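The next block holds one structure in the form of structure tokens; read it before the comments.
What follows draws every value from the coordinates through simple rules; no lab data is involved. These numbers were taken from a predicted model, which means no experiment stands behind them. Note: ideal-geometry Cβ built from the backbone for every residue, glycine included; neighbour counts use all protein chains shown.
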Amino acid sequence: EDQVTQSPEALRLQEGESSSLNCSYTVSGLRGLFWYRQDPGKGPEFLFTLYSAGEEKEKERLKATLTKKESFLHITAPKPEDSATYLCAPRGDSWGKLQFGAGTQVVVTP
Amino acid sequence: SAVISQKPSRDICQRGTSLTIQCQVDSQVTMMFWYRQQPGQSLTLIATANQGSEATYESGFVIDKFPISRPNLTFSTLTVSNMSPEDSSIYLCSVLTEYTEAFFGQGTRLTVV
């Protein structure tokens, strides 16, 4: 059975304090690992899609990496506006469907 | 990218009634999906909206409760039927563009009283 686990559940950071979020998955026939940011009361905002182990993508202070069993979202020198819930979602053999993890709630304080 | 408009953005409904949510995309897309996000929870896929044919429902979701239409490649509706307070959630439309990027609408926040 496909599973997705995100850790930690919550993360509180000081502004400028870099950290990493983890997404562990067991999905047969991975066809992409998606990362999203979600602000309260809003729909998820697409960040990245990673397809193969070793792949990395960056956007501003965020960098996502992928291995065969995990993906990491690194937040470098975060700012308060980076506060959000970050969701990962692998897509497996079921064409087009994403399976979402529970998310990591990140709070960045000034 | 794709811009998705969802209507209504929120609604408060009486139990036993039905609500239809609309999803309009600014470009033709192959795949459209409907998700539910219960309070404090992550996203759960309800169904895949298939153009011109019946939707494909996930385990635990049935057509009688969540009928879906998709008359063309840019529009879909989700109806939440015979609502109960347990249906209070955020309902989200999602599209997959060229199988590489998946975008979401802003969601419909439904409260059933």
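The residues of the stretch B:21-31 that are surrounded by 13 or more Cβ atoms within 10 Å (Cβ to Cβ), under 18 Å from B:S5 (Cβ atoms) and in contact with a Leu (Cβ under 9 Å, 6 or more places away or on another chain), listed by number, are B:I21, B:Q22, B:C23, B:V25, B:V29, B:M31. In the stretch B:1-20, of all residues being surrounded by 12 or more Cβ atoms within 10 Å (Cβ to Cβ), closer than 13 Å to B:F75 by Cα and of a type in the set (A, V, I, L, M), the one that is nearest to the other protein chains (Cβ to nearest Cβ) corresponds to B:I4.
Listed here are the residues, each with its yes/no results for (1) within 26 Å of A:L50 (Cα to Cα); (2) free of Cβ contacts under 8 Å to residues at least 12 places away in the same chain; (3) in contact with a Phe, Trp or Tyr (Cβ under 9 Å, 6 or more places away or on another chain).
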| residue | (1), (2), (3) |
| --- | --- |
| B:G40 | no, yes, no |
| B:T48 | yes, no, yes |
| B:G60 | no, yes, no |
| B:F66 | no, no, yes |
| B:T97 | yes, no, yes |
| B:V113 | no, no, no |
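Is the stretch A:9-29 home to any residue that is of a type in the set (F, W, Y), away from chain B (no Cβ under 12 Å) and touching a residue at least 60 places away in the same chain (Cβ under 8 Å)? Taking every residue of the stretch A:9-29 in turn, at least one turns out to be of a type in the set (F, W, Y), away from chain B (no Cβ under 12 Å) and touching a residue at least 60 places away in the same chain (Cβ under 8 Å).
Condition check ((1) of a type outside the set (V, I, T); (2) at negative phi; (3) within 14 Å of chain A (Cβ to nearest Cβ); (4) in contact with a Lys or Arg (Cβ under 8 Å, 6 or more places away or on another chain)) across all residues:
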| position | (1), (2), (3), (4) |
| --- | --- |
| B:F33 | yes, yes, yes, yes |
| B:Q38 | yes, yes, yes, no |
| B:E54 | yes, yes, no, no |
| B:F66 | yes, yes, no, no |
| B:R70 | yes, yes, yes, no |
| B:M83 | yes, yes, no, yes |
| B:F104 | yes, yes, yes, no |
